[in-house]
Structure formats: structure tokens, C-alpha cells
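The values are calculated or read from the model by the stated rules, or taken from the named source; none is laboratory data. All values derive from a computational prediction rather than experimental measurement. All Cβ positions, glycine included, derive from the backbone under ideal geometry; neighbour counts span all protein chains shown.
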Amino acid sequence: MLADFGYGVLIVSFLLAIYAIGSAVYGYRTGSAKWVESSRLAMQLTFPMISLSALTLIYMLVTDQYNIGFVYEVTSRSMPVYLKVTALWGGQSGSLVFWGWLMSAFATAVTLRKWDRDREFLPWVVVVCSVTLAFFIGLVIFYENPFAKYWQTMSGDVITAMFAPAAAVPFTPPDGRGLNPLLRHPGMVIHPPMLYLGFVSFVIPFAFAIAALVTGRTDDRWIRITRRWTIVAWCFLSVGLVLGGRWAYDVLGWGGYWGWDPVEIAAFMPWLTGTAFLHSVMIQEKRGMLKYWNMILIILTYALVIFGTFLTRSGVLSSVHAFAQSAIGPAFFIFIGVTFIISAALLIYRWADLKSEAQMTSMLSREALFLLNNLLFISILVVCFWGVIFPLISELVTGQKVTVGPPFYRAATGPLFATLVLLMGIAPLSAWGHSTIKTLGNAIWKPLIVAIIALLAVIFIAGIYAPYAIIGFFVIFTSASITIYEFGRAALARSRAQKENYALALWRLAGRNRRRYGGYLIHLSVVFMALGIIGIEMFQTQTQGTIAQGQSIKIDGYSITYKDLAIFDTADNRNVARAVITIEKDGQFLGEYYPRRDYFYESQQPMTIPAVRSTMLDDVYVILVDWQPILSSGATFKVYHNPLVNWLWAGALLLIFGSLVAAWPDKEIDYVPARTRREKQVVYQPGAAD
Amino acid sequence: MSSPRIKFLFGGLLILAAVVYLIVSSTQASAQYFMTVDELNNKKASIVDQNVRISGAVMGDTITYDAKTLSLSFTVADVSGDNNEIEKEGGLAVALHQAVIDPNRSKLKIVYVGVKPDLMRNEAQAIMTGHLGADGVFRADELLLKCPTKYEEAVPSQVKGN
């Protein structure tokens, strides 16, 4: 009964979305504000509707209604309530409902804004949002219905269907199969929604881009309206990616965080184009250049967002992430194709309107360096794309499937990432319009000296001589010291000029120019993350050993001692083997830790939970591999030493903070037509306000 | 053409060349044949010591693990590498099950040194990178497991038996 309600409401929201598309197009064609308004309201109405449907589903998950196929598949009686709620995105059909729910929420939020000056965009924003929404809700209604129930036919077979088949009786299994134990981790609970939030919020800038193309209002207004959406989308996507890495680090027990799995890459690709877009829109705002480039980037991002959702949902690529195969693959393929072709056609149609208003003259100007940044991001995208499709190409050409693995991605993207990080430090110092080696050198030499001193310290004090590591450290030290120097220099100048104390000056400075200083904070966070990545990629060491009680394993100055072991059953149907170890460094006791292995009876699935002693300097990561009930017979441990990896997670926190600073709402600056605004900016100075 | 244009064009070409070089050299250095057990067994001699990637169905009875040396050995049975064929057989779970119970499938013994993965069990799909030794045993450097039951299953298993 409840399921029928949830399904019915979903159909209503599907029809509302279809109606919104029709009435928006009609309203635009006839110039009727009434019809456009009607389409807006219809689209906004989908939000409460889909909310009802999603809440119904959540209610059924929480109340163990196992006659519903989806509920049976992703929950079980022994699961805590919060996991039952989050099981909404633990399975395919539920996650599609969730996608649609977010889409309708964002579409509603963006259309609630005041539209006075941008009325002509409205119908097309409604169309794009509603088309995307209708697609996802349509998938749920026609292909992947989470409300379908179990029925037992006369012959005893159990089938799933929305409505009772002939001569069948309802069937309710006594308990559900439960969420896979590997997914019962806080990181995994919020990783998918973060990615989805990122994916979905990129639809908004895309919607405005299409609106700009259709209406012919191709100045930078669409970019200004969606700037904040882009930052927020980017932040969610970044956090989603990092959380996935954290989950892998905590749960998968291989001491790594990123495996260049095709599905990881699929989520990473829209991040690459999105990041490029985030930067290149600034060139259009400041200089009126790269207009079609921005359009291409956002169209690509949208296609990759849908593609990313598709890859995780279709099973076309072999990957640890792949869900069961289903019929929705072709539907996704067609949707991506059709929306991409229409967007590209619109872009070509408006090509002439998107001419640059200025010429790039200097190789070292800010816009040229931004362009380089964009090219690097796109290069990484090409590398990723090549790696993903290479097996398919090689099979077509030679008849033999040839794959490339993580070494390919590391070798091909490593130099590109390093260049990007270096560029990230230097670019903010170059001026718009024109820069020379001399002006750039003047701005750079002081922080560069600091970086070189730090590098020398690392080489001679820490004794690091590996060439790639030295390059890596040079790049991040340079970038970090320039970024920090920029903060310091500007704050010092302001504190002198305004007679404010230093901290206040820094605060006000950042407050006045949030995007700039939020951006710097994000740059700093990227440096942190790069430090963590260099640490674990280049300096990870590992060892293993079988030791009896009281014996120790040594790694990089640490000593891990086996103290005790307990094996017991828990109330939620697990068998736990939990070892007690102590970690010491140079004879100094650092603490007691508990690596363990849980065995889930229900799913017959073991789960290894490492013990991690974590500091900003390094992690000691201990896995309990095997054990004997008799302590003196020993237990086997695998130990990883992961230097600096914590900077990766710390960087992610700073990234969130930086994004908040950059995206924090302030008074909307009155719209000044692009041409007059640029004329005000004839004075180009290094580090001048962007 | 004005001179800055040429400079930019030149710079662009330079970047393009660098990226093409990176992709080509990295592909050459790390490309691996992706084969089924069947294909590998047919090519045996010619493929010994080459770095390849294979996929197969884990046979649960054959799994042995020596924790002292972290040495994991098991046998995989041939399973199609083609998604469409797997679908035709009735999905990955069915295909893996068929592969394991069918005595006529070609088999391959695998040795892997490392922590035994949590997903290592009967009828899991194993994707391994490594090389075939002259003794006919495949030494895997990398082991990836995929369980079709990991996330979802179409019909409840305890229900099927009724």
C-alpha cells in the first residue's frame, strides 16, 4: 500500500517534470510569462513530491518491510537505524531515486532566486533541470523500481513486480540480506551522497550555459550567476573523491587509498573538467576570452557527470565498484548522446557570438597561465580517458584485449600533476594582460628562496635523495611558500595602510575578496594533499611476520609487539578476532592498538579492520592477517609505514573551509555590462585584485 | 600571423607533443594482455614470463593460505571475459557458478603472496595481474576480487530453494 503510494507520487513528479518542459518551451516561444511561471512552479512541485516518495522508501527501509525487493536487498533486521536510512543509496534503484531527489532540490533552490534581470534564462534553466530530472525519475519508473514487491506464483517461483501478477500471492522473506559489511563505514555512508551532490550541482551551471546559448545572451552573466554553484559543486565532488579514498584506506586493508579503478576514474573525470571550468571562467569574466572554451568545458562536465553515474550503475567495466548489470545501460548511453549532440549543435549555432573580446599577447600573463592550467587538466582527462577505453580500442584493432593499470596512470599523470601544482603557485602572481620574466621574477624570488632552503633542509636533514621525491618536494614547497607569502604580503600592506593590526588586516582582506583568498586556501589545501600523496606513494614501506605473544615486528624505527588476542561473538551476529598490540618507537611507548577481523555470519563475509597509529608525520598501519587460538603459536601481521599520509585528509578539511570562504554569499554586485567593466581594469599589477 | 600567435601555437604544440609522449611511453611500459584462462592456457609457451592480466572464477575448495609466508594459492576456472556472453549465461553470479561446477572448463593454478583479501571465496571473480611461470603456475602480483553478490542480488537466495 505504502509502496504504491511512493511509486504513484513518483509518477506524478515525472509527469510534472514533463509538463514543466513543455510549458517552459511554449512560454518561451509565445513570450508568455504565465506559462513560464507555470513551468517553474511545476518543477518546484517535484521537490515535495519526490521527497514524499523518498521518505516513503526510507520509512519502509527502517521498518523492515521485506516484501519490497529493494528493502530486502539492502537492509536486514540487525542493522542499526542510521545504516537502514543510508541504505537508500546502497542499491541501484534507491540511489537513482536519491539522485532525482537532489536534482529536484537544487532545481527548486536555483529557481527560487530573484530573476528580475535574468528572466530570459528561466525557461531554459527549467527545461534543462526538468529533462535531467525526468530522465532519472523515468529510469526509476520504467526500469529500476525500488517499490517493486515480491510475489510467489502458483509454480512456487518468486518474482518481483509492482502489481500482483495473475494467480500470485504476496511473499515476504523473514529477514533481509543486509548491506555488505564492507560498506558499513562512516566514510562509505557519506561518500556516495557527496559525489552525487557534486554531480547534481554541476547540472545548474550547465543549465545556465544552455540557457545562454539558446537565448543568445552569451555575455558572462550565466557564469556570474552560477559561480557559487560551481564552487559548491566542485567542493562536494572533491570531498566525495577524498572520502572514497579514506574509505579504501580504512576498510580495504591494502594500505592504499586510490587504485585507478575505472569507476574511480569515472568520478574523477568530471572533477578534472569542472576544475578547469572553475578557472577558465575567470578569464571570461576578466578579459572576455575563452568563451567557447567555457561552453565546451561545462558541456563536457555535464556529459561526464551523467557518464560517471552511468559507469557506476551499468557494469560495463570490470571494477570493484560495479553494481549488478541492468537494462539501464542503453538508456544512459542514449541520454548522454542526445544531450551532448544537442548541446554541441547549440554551441556551433552560437559560435560567432562567442568571439573573444581580447587577444592573448603575453606568454606569462595570467590568462596564458590559466590557459596552460586548463590544457594540463584536459591532458590529464585525455590520459584517464585513454586508459579507460584502451582495452576496448585494442580489442577492436588487434582482437586482443590489452589493459593498462595503475603504473600507466602514475607515469602519465605524475609529471602533469607536478606541473599543475607548480603552476598553481606561480600563476596568481602574474598579471592580467601582460607579464614578463622580470615582473614575475620580482614577485617570486623571495618565496622561492624560502622554498629552496626548505628543500635543502629536507634533502640534507631527512636524507632524501630520490630524484622524483626531490622534484615533488620542490614543487609543493614553492607553491606553498608563494601562496603563504601572498597572504602575508597583502595583509602586511593592508595593516600598514589602514593602521590595523595584522590579524584583523588578514581577516578583512580575506573578507573583501573572498573568492581570491578562498582560492588561495584551496591552493594551500591542494599542496597539503600533494604532500600526503608524495608521502604514501614514494615512501611507503611494508613488512610482515608471524610472531608469538611478546615478540615484535620492526619497521622504520617502530616496534610492534603482540600482546594478546580475544575471539568472541557479538550481538549483531559477528565473530570478532581482536589482537592487542603495542607500538613503540626507539623504546618509547606510543600506545595500545587493536587490529581485528570481523566475520559476518549473515553474509559469510570477513572484514579486516586495521589498527592505525596516525600522526601528521606518519601512520603505522597494522593488519591482523591470521592467528592461532594459542597465543604462543603466534599471529601474523602485515605492517605498513605510510609517511605524511595524514596531510591528505587534513588537506581535504582545509579544502572545505577554503570553498566555504570562496562561496560564502555576499551582496550581489550590480550587473555591469562586460565591456565597461573591463575598461576599469586597465591598471595591471602583479597580485592586483582579480 | 602575428608573432605572439606563433609563440602560442608553438607552446601548444610542445604541450601536445609532451602529452602524446607521456601517453605512448606509459602505455608501452605498462600495457598487459587481458586474457581468459582459456586463452592463456592455449598460448602457454609463448606467454611465459610476460606480464598479463587474467580473470577467472575462484574454486572455493582449492583455496589454501599459509599465513606464515602470506602465500595464498587457489585455482580459477575459465569464465568469459565478454560482458554480453556473461549476460547470455544469466548474469555474472550464474556464469561464475557454472564455471566452478563444470569439470570441463580449463583451469589455472594461482599463487599470490600477500594479505588474503576479504572477498576471497568460492565463486568470486578474480582479476589478477602477473605472469605465468614455466611450471604452469600463475604468479599474481596483484589480485582484485569481485563478488556478484557484493551489493545486490536479483532474487533472494533462500527464497529460490522453495
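For the stretch B:56-69, a residue qualifies if it is crowded, with 17+ Cβ neighbours inside 10 Å and at pLDDT below 85, and exactly one does: B:67. It is to be established whether one or more residues within the stretch A:641-648 are surrounded by fewer than 18 Cβ atoms within 10 Å (Cβ to Cβ), at negative phi and not assigned by TED's automatic domain parsing to the domain that holds residue A:241. Looking for residues that are surrounded by fewer than 18 Cβ atoms within 10 Å (Cβ to Cβ), at negative phi and not assigned by TED's automatic domain parsing to the domain that holds residue A:241, one finds none in the stretch A:641-648, hence no. Inspect the stretch A:364-371 for any residue being small (Gly, Ala, Ser), more than 9 Å from chain B (Cβ to nearest Cβ) and not in a helix (DSSP H, G or I) and give the result as yes or no. There is at least one residue in the stretch A:364-371 that is small (Gly, Ala, Ser), more than 9 Å from chain B (Cβ to nearest Cβ) and not in a helix (DSSP H, G or I). Against the condition touching a Phe, Trp or Tyr at 6+ places or on another chain (Cβ under 6 Å) and modelled with pLDDT of 85 or more, how does residue A:366 come out, does it pass? Here the answer is yes, as residue A:366 does meet what is asked.
Filtered by the rule that a residue be closer than 24 Å to residue A:382 by Cα, without any contact (Cβ under 8 Å) to a residue 60 or more places away in the chain and in a helix (DSSP H, G or I), the stretch A:239-258 gives A:240, A:241, A:244. Looking only at residues in the stretch A:400-430 that are within 11 Å of chain B (Cβ to nearest Cβ) and farther than 17 Å from residue B:30 by Cα, the one that is surrounded by the fewest Cβ atoms within 10 Å (Cβ to Cβ) is A:419.
Just so you know, in the stretch A:149-177 the residues that are within 11 Å of another protein chain (Cβ to nearest Cβ) and either of a type in the set (Val, Ile, Thr) or on the phi > 0 side of the Ramachandran plot (or both) include one that is nearest to the chain's Cα centre (by Cα), and it is A:160. Looking at this structure, is residue A:565 within 14 Å of another protein chain (Cβ to nearest Cβ), in contact (Cβ under 8 Å) with a residue 24 or more places away in the chain and not aromatic (Phe, Trp, Tyr)? Judged against the criteria, residue A:565 is a match. Of all the criteria given as (1) of a type outside the set (D, E, K, R); (2) surrounded by 14 or more Cβ atoms within 10 Å (Cβ to Cβ); (3) facing chain B (nearest Cβ under 8 Å); (4) not in a helix (DSSP H, G or I), the one not satisfied by residue A:359 is (2). In the condition set (1) crowded, with 19+ Cβ neighbours inside 10 Å; (2) more than 14 Å from chain B (Cβ to nearest Cβ); (3) of a type outside the set (S, T, N, Q), residue A:469 is compliant with all but (1).
Residues are listed down the side, and each one gets a yes or a no for (1) in contact with a Leu (Cβ under 9 Å, 6 or more places away or on another chain); (2) modelled with pLDDT of 90 or more; (3) not assigned by TED's automatic domain parsing to the domain that holds residue A:482:
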site: A:395; (1), (2), (3): no, no, no
site: A:402; (1), (2), (3): no, no, no
site: A:405; (1), (2), (3): no, no, no
site: A:408; (1), (2), (3): no, yes, no
site: A:412; (1), (2), (3): yes, yes, no
site: A:418; (1), (2), (3): no, yes, no
site: A:423; (1), (2), (3): yes, yes, no
site: A:435; (1), (2), (3): yes, no, no
site: A:448; (1), (2), (3): no, yes, no
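Out of the residues in the stretch B:72-102 that are over 19 Å from the mean Cα position of the chain (by Cα) and within 14 Å of chain A (Cβ to nearest Cβ), which is farthest from residue A:399 (Cα to Cα)? Checked the stretch B:72-102; the qualifying residue farthest from residue A:399 (Cα to Cα) is B:90.
Taken across the stretch A:615-631, residues that are modelled with pLDDT under 90, part of a loop (DSSP other than H, G, I, E, B) and touching a strand residue (DSSP E or B) at 6+ places or on another chain (Cβ under 9 Å) do occur, with at least one present.
When residue A:221 is tested against the conditions (1) among the basic types (Lys, Arg); (2) out of contact with any Pro (no Cβ under 9 Å at 6 or more places or on another chain); (3) within 14 Å of chain B (Cβ to nearest Cβ), the lone failure is (3).
The residues of the stretch A:215-250 that are basic (Lys, Arg) and closer than 28 Å to residue A:355 by Cα, listed by number, are A:217, A:221, A:224, A:227, A:228. Tell me, which residue of the stretch A:31-76 that is in contact with a Ser or Thr (Cβ under 6 Å, 6 or more places away or on another chain) and free of Cβ contacts under 8 Å to residues at least 40 places away in the same chain is surrounded by the most Cβ atoms within 10 Å (Cβ to Cβ)? Filtering the stretch A:31-76 for residues that are in contact with a Ser or Thr (Cβ under 6 Å, 6 or more places away or on another chain) and free of Cβ contacts under 8 Å to residues at least 40 places away in the same chain, the one surrounded by the most Cβ atoms within 10 Å (Cβ to Cβ) comes out as A:61. Here the stretch A:587-612 is the region considered, the condition is being more than 11 Å from chain B (Cβ to nearest Cβ) and not in a strand (DSSP E or B), and the residue that is surrounded by the fewest Cβ atoms within 10 Å (Cβ to Cβ) is A:587.
Conditions tested, residue by residue: (1) assigned to a helix (DSSP H, G or I); (2) hydrophobic (A, V, I, L, M, F, W, C).
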{"site": "A:435", "(1), (2)": "no, no"}
{"site": "A:440", "(1), (2)": "yes, yes"}
{"site": "A:447", "(1), (2)": "yes, no"}
{"site": "A:457", "(1), (2)": "yes, yes"}
{"site": "A:460", "(1), (2)": "yes, yes"}
{"site": "A:464", "(1), (2)": "no, yes"}
{"site": "A:472", "(1), (2)": "yes, no"}
{"site": "A:479", "(1), (2)": "yes, no"}
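Filter the stretch B:24-44 down to the residues that are within 10 Å of residue A:408 (Cα to Cα) and facing chain A (nearest Cβ under 8 Å), then identify the one that is farthest from the chain's Cα centre (by Cα). Only one residue fits best here, namely B:25. Looking at B:76, B:52, just one residue is modelled with pLDDT of 85 or more, in the same structural domain as residue B:126 (by TED's automatic domain parsing), touching a His at 6+ places or on another chain (Cβ under 7 Å) and surrounded by 13 or more Cβ atoms within 10 Å (Cβ to Cβ), and that residue is B:52.
Of the residues in the stretch A:216-224, not one is free of Cβ contacts under 8 Å to residues at least 12 places away in the same chain and part of a helix (DSSP H, G or I). The criterion of being more than 10 Å from chain B (Cβ to nearest Cβ), over 27 Å from residue A:128 (Cβ atoms) and more than 25 Å from the chain's Cα centre (by Cα) does not hold for residue A:344. Residue count for the stretch A:259-299, restricted to those that are surrounded by fewer than 22 Cβ atoms within 10 Å (Cβ to Cβ), within 14 Å of another protein chain (Cβ to nearest Cβ) and not in a helix (DSSP H, G or I): 4.
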